[in-house]
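Enquirer: Below is a structure I'd like to ask you about.
The values are calculated or read from the model by the stated rules, or taken from the named source; none is laboratory data. Owing to the predicted nature of the structure, the values given are computational and were not obtained by experimental measurement. Reconstructed Cβ throughout: ideal geometry from the backbone, glycine too, with neighbour counts over all protein chains shown.
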Amino acid sequence: MVYKLFLRGLRKKIEKNIEMGKTFNEKSTAGMCDSTCMQNFSEELKDINYGLKRELENIEKHYINMSLFIETLFRKSHFAQGRLIPRTKSCNMKKDVIQPQLERYIEQMKRMGISVDNKSSGIPESEIITVVDIGLIAQVYANFFSNAVKYTREVSLESGETRKYISYGHELIKDFFGLGKDGVKFNVFSTGPHIPPEERDKLFEEEFRGSNVTTQPGTGHGLSFIKNAIEIHGGTVGYEATHNGNNFYFILPK
């Protein structure tokens, strides 16, 4: 569906270029295109070409993401051993994993009135995580952001204003995996009502869907995939009912 929308936009802009070319040729042949006509044509062509460039960039971004997911999820080693096999690689967590996934969903978030609170991000550009399979962890964030699009709700703040937003970030947890073995906790927060206490322990179970999300499309596989992907990295996942909303997180060895 995403590619269909991008291709439709690309087609419209190409058709507009062709139409403009015909009009320009007709006016030029008839001697009707003076300097003002040329200037208007040049400006319109510039706008269309800018739009074409943006559409191409969007298609390229989604192609890269799709290729990454296909390569990761259909990797031969997964099927040979009957389970997810991580292929770890050094990466910049924010640049290589989080930002590309956020860019995939940012337009959907805007349409839903969801803002991103960058003040809470706290992931420096220089941070390097050496123990992750980029494709698997990228899919983890894709699932988190996809859920945020569907389930983020507006809340009333102490200031009296109402907001609907998400935030993401990380924090160091000393000795989480044992003495001298620190963990890094990665958070994805979204505003909205808390998940009922009796359902929280089941959130990451296969095919489980909360009672408050039955009107939204879904299969109940997203969070269970996240749990599987994080655990094969030696990490753990969890949920917290926090002020103004819900925080989903995973913790990886530092």
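Enquirer: Go through region 1-51 residue by residue and tally those that are hydrophobic (A, V, I, L, M, F, W, C) and either at pLDDT 75 or above or over 21 Å from residue 107 (Cβ atoms) (or both).
Expert: Residues in region 1-51 being hydrophobic (A, V, I, L, M, F, W, C) and either at pLDDT 75 or above or over 21 Å from residue 107 (Cβ atoms) (or both): 12 in total.
Enquirer: State the number of residues belonging to region 193-216 that are part of a loop (DSSP other than H, G, I, E, B), modelled with pLDDT of 90 or more and surrounded by fewer than 18 Cβ atoms within 10 Å (Cβ to Cβ).
Expert: Qualifying residue count for the region: 3.
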